[in-house]
Amino acid sequence: MNPHLIHLHPYPFEKLAALKQGILPPVGKDPITLSIGEPAHPTPHFIEEALFATIQGLGVYPSTKGLPQLRVTIAAWLRWRFALPDSAVNPETQVLPVSGTREALFSFAQAVVDATTAEQPVVVMPNPFYQIYEGAALLAGAQPYYVNSTAETGYLPDFSAVPEAIWRRCQVLYLCSPGNPTGAVLSADDHKQVLELAERYDFLIAADECYSELYDDEDNPPPGLLATAYRLGNTAFRRCVVFHSLSKRSNAPGLRSGFVAGDAAVLAGYFQYRTYQGCAMPLPTQHASIRAWQDEQHVIENRRLYRDKFTAFITLLGQVTELERPPAGFYLWLKTPMDDCEFAKRLYVQENLTVLPGSFLSRPFNGINPGQGYVRIALVAPLDACIKAAHRIKNFFNTL
C-alpha cells in the first residue's frame with residue numbers, strides 16, 4: 001500500500017457520523033441537514049435534456065482532451081465572465097475538461113509535485129480548508145503547510161506570515177476563493193501578492209474557484225486569478241491553473257463536470273498524466289456541459305434563491321447572535337458560544353438539526369485551530385426548510 005495513506009485524516013463527515021453515533025434526536029421534529037454542501041435547487045431541464053439527447057454517445061470512447069466544442073465554449077465563458085480579450089484563453093492548449101473539480105484538485109498535485117527534491121516539498125493551503133488539498137499533498141509525498149484564516153484576517157489566509165523557508169520549498173499553493181467554509185473572497189491585490197510570490201519562488205498556484213458564481217452582490221462578482229494575471233502582464237498565465245465546476249453554479253453535482261484552465265505548459269503535462277489516469281468525461285456529460293456553460297439565466301436565478309435564504313436566515317438568527325453575511329458561497333460560518341463539537345451535538349439532540357463543526361475542517365497550527373468555535377451551515381435546503389432551521393437554532397440559543 002502507499003505508505004502515505006496512513007497520514008490521511010478521516011473525512012469531516014466520518015467525524016460527524018462518529019459524533020452523532022448512538023444519539024437519538026427528538027422524534028417529534030423532522031430532520032434537517034445543513035452540514036453537506038450539496039446543492040438542492042433543481043438542475044435546469046435543458047441540461048438534463050442535453051444529457052439524455054446524446055446518450056447514444058456511450059458507444060464511443062471519449063477523449064481525455066474533450067470535445068473541441070466544449071473547450072471552445074469554456075474558453076468563451078472564461079473570457080466573458082472575467083472580461084478578458086478574445087485572444088486571452090486558447091481552447092486548444094489552455095483548457096481541459098475534468099470529471100468534477102474534486103477529482104482534478106486531487107490529481108493535479110499527483111501530477112505536478114516533485115517528491116525527489118533534496119528537501120521534502122511543501123504544499124501551502126488555507127486553514128480551514130477543503131480536505132482534498134491536504135490529502136492531495138500527503139499522497140504526493142509533500143508536507144502540507146497551513147495558513148490560518150481568522151476573524152482578524154477577514155477569514156482570508158495571511159500569506160505575509162508564511163516564512164521564506166516555506167516558500168522556498170513550496171511547489172503548489174492551493175487558493176480557495178470564494179472560500180469554503182467562510183465565503184471570504186480574495187481581492188485582485190491578494191492575487192497580485194501570490195502571483196509575485198509564485199514568480200519569486202517558482203511554485204504553481206492551484207486556484208479553486210468553484211464557488212465563484214454564487215455571490216451576494218450582482219454587480220460585484222468575485223475576481224478570478226487568470227484575469228488578475230492577465231492584467232498584470234502575465235498573459236500566458238504562467239504558474240496559474242484555475243478550477244471551475246458546474247456543481248454549484250448549475251446545481252448539477254451529479255453531472256461530475258468541471259474544467260481546469262491556465263498555463264499551457266503545465267496543462268500539457270497534466271494532460272499527459274490524465275491520459276494514463278483514465279478520467280475522460282463521457283460524451284453525454286460533455287454535451288450537457290456545453291449547454292450549461294452557454295446559459296447564464298439559470299445562474300442568475302440560482303443566486304437570487306441563495307440571497308433570499310441568507311436574508312431570511314440571518315434576519316431570524318440575528319435576533320439571538322451576531323453573524324456576518326458572507327460575500328459569496330452558500331455557507332454561513334457561525335461562531336458558537338461553546339465548543340463547536342458540543343454545539344453541533346446538542347443542536348442535533350434538541351432540534352434534530354445537523355451542522356458541521358468547524359474544527360473538522362481545519363488543523364491546529366501555530367498555536368490555534370481556526371475552525372474551533374465555529375460551525376459551517378450550508379444553506380442548500382429549500383427556503384422553508386432554511387427558515388425552519390433558523391427558528392430551531394434560535395430556540396437552541398435561547399436555551400443556553
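The values are calculated or read from the model by the stated rules, or taken from the named source; none is laboratory data. Note that the coordinates shown come from a computational prediction; the quantities given were computed from them, not determined experimentally. Counting neighbours? That spans all protein chains shown, and the Cβs are built from the backbone with ideal geometry, glycine included.
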Exercise for review: Go through the stretch 223-254 residue by residue and tally those that are within 19 Å of the chain's Cα centre (by Cα), part of a loop (DSSP other than H, G, I, E, B) and surrounded by fewer than 22 Cβ atoms within 10 Å (Cβ to Cβ).
Suggested key: 1
Revision key, fill the gap. Scanning the stretch 280-296 for residues that are of a type outside the set (S, T, Y) and closer than 14 Å to V72 by Cβ, the one surrounded by the fewest Cβ atoms within 10 Å (Cβ to Cβ) turns out to be Q294
Check your understanding: Is it the case that the stretch 67-82 has a residue that's of a type outside the set (F, W, Y), assigned by TED's automatic domain parsing to the domain that holds H287, surrounded by 13 or more Cβ atoms within 10 Å (Cβ to Cβ) and part of a loop (DSSP other than H, G, I, E, B)?
Key -> yes
Check your understanding: In this structure, does L353 turn out to be within 25 Å of P223 (Cα to Cα) and either modelled with pLDDT of 95 or more or out of contact with any Gly (no Cβ under 9 Å at 6 or more places or on another chain) (or both)?
Key -> no
Check your understanding: What number of residues within the stretch 312-334 are part of a helix (DSSP H, G or I) and over 30 Å from N127 (Cβ atoms)?
Key -> 3
Check your understanding: Are any residues in the stretch 89-105 surrounded by fewer than 18 Cβ atoms within 10 Å (Cβ to Cβ) and either in a helix (DSSP H, G or I) or not charged (D, E, K, R) (or both), and if so, which ones?
Key -> N90, T93, E103
**Study point:** Residue list for the stretch 324-339, filter: among the acidic types (D, E) and either surrounded by 21 or more Cβ atoms within 10 Å (Cβ to Cβ) or touching a residue at least 12 places away in the same chain (Cβ under 8 Å) (or both)
**Key:** D339
Exercise for review: Mind counting the residues in the stretch 223-239 that are over 22 Å from A328 (Cα atoms) and hydroxyl-bearing (S, T, Y)?
Suggested key: 2
Check your understanding: If you go through the stretch 335-370, how many residues are among the hydroxyl-bearing types (S, T, Y) and assigned to a strand (DSSP E or B)?
Key -> 1
Point to revise | Number of the condition not met by Y215 [criteria: (1) free of Cβ contacts under 8 Å to residues at least 12 places away in the same chain; (2) within 28 Å of Q297 (Cβ to Cβ)] | key: (1)
Point to revise | Among (1) outside any loop (DSSP other than H, G, I, E, B); (2) among the charged types (D, E, K, R); (3) in contact (Cβ under 8 Å) with a residue 24 or more places away in the chain; (4) not assigned by TED's automatic domain parsing to the domain that holds A140, the one test that E38 misses | key: (1)
Review point. Do we find that N220 is crowded, with 22+ Cβ neighbours inside 10 Å and out of contact with any Leu (no Cβ under 8 Å at 6 or more places or on another chain) in this structure?
Key: no
Study note, to complete from the structure: Filtering the stretch 41-77 down to residues that are under 30 Å from K388 (Cβ atoms) and in contact (Cβ under 8 Å) with a residue 24 or more places away in the chain yields H41, P42, T43, P44, I47, E48
Study note, to complete from the structure: By residue number, the members of the stretch 255-288 that are in a loop (DSSP other than H, G, I, E, B), over 14 Å from the mean Cα position of the chain (by Cα) and under 16 Å from E209 (Cβ atoms) are D263
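To keep it simple, each residue is scored yes or no on (1) touching a Lys or Arg at 6+ places or on another chain (Cβ under 8 Å); (2) touching a residue at least 40 places away in the same chain (Cβ under 8 Å); (3) farther than 24 Å from L24 by Cα.
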site: E322; (1), (2), (3): yes, no, yes
site: E342; (1), (2), (3): no, no, no
site: P357; (1), (2), (3): yes, yes, no
site: A385; (1), (2), (3): no, yes, no
Exercise for review: Could you tell me which residue of the stretch 213-222 is farthest from V380 (Cα to Cα), considering only residues that are in a loop (DSSP other than H, G, I, E, B) and under 14 Å from the mean Cα position of the chain (by Cα)?
Suggested key: P222
Study note, to complete from the structure: Checking I300, I393 in turn, the sole residue that is touching a residue at least 60 places away in the same chain (Cβ under 8 Å) and either surrounded by fewer than 15 Cβ atoms within 10 Å (Cβ to Cβ) or assigned to a loop (DSSP other than H, G, I, E, B) (or both) turns out to be I300
Practice item. Could you please find all residues in the stretch 177-212 being of a type in the set (A, V, I, L, M), outside any loop (DSSP other than H, G, I, E, B) and either in contact (Cβ under 8 Å) with a residue 60 or more places away in the chain or not assigned by TED's automatic domain parsing to the domain that holds A264 (or both)? Key: L204, A206
Review point. Where residues in the stretch 311-323 are modelled with pLDDT of 95 or more and in contact with a strand residue (DSSP E or B) (Cβ under 9 Å, 6 or more places away or on another chain), which of them is surrounded by the fewest Cβ atoms within 10 Å (Cβ to Cβ)?
Key: T321
**Study point:** Per-region count, the stretch 155-170, residues surrounded by 13 or more Cβ atoms within 10 Å (Cβ to Cβ) and either assigned by TED's automatic domain parsing to the domain that holds G371 or assigned to a loop (DSSP other than H, G, I, E, B) (or both)
**Key:** 5
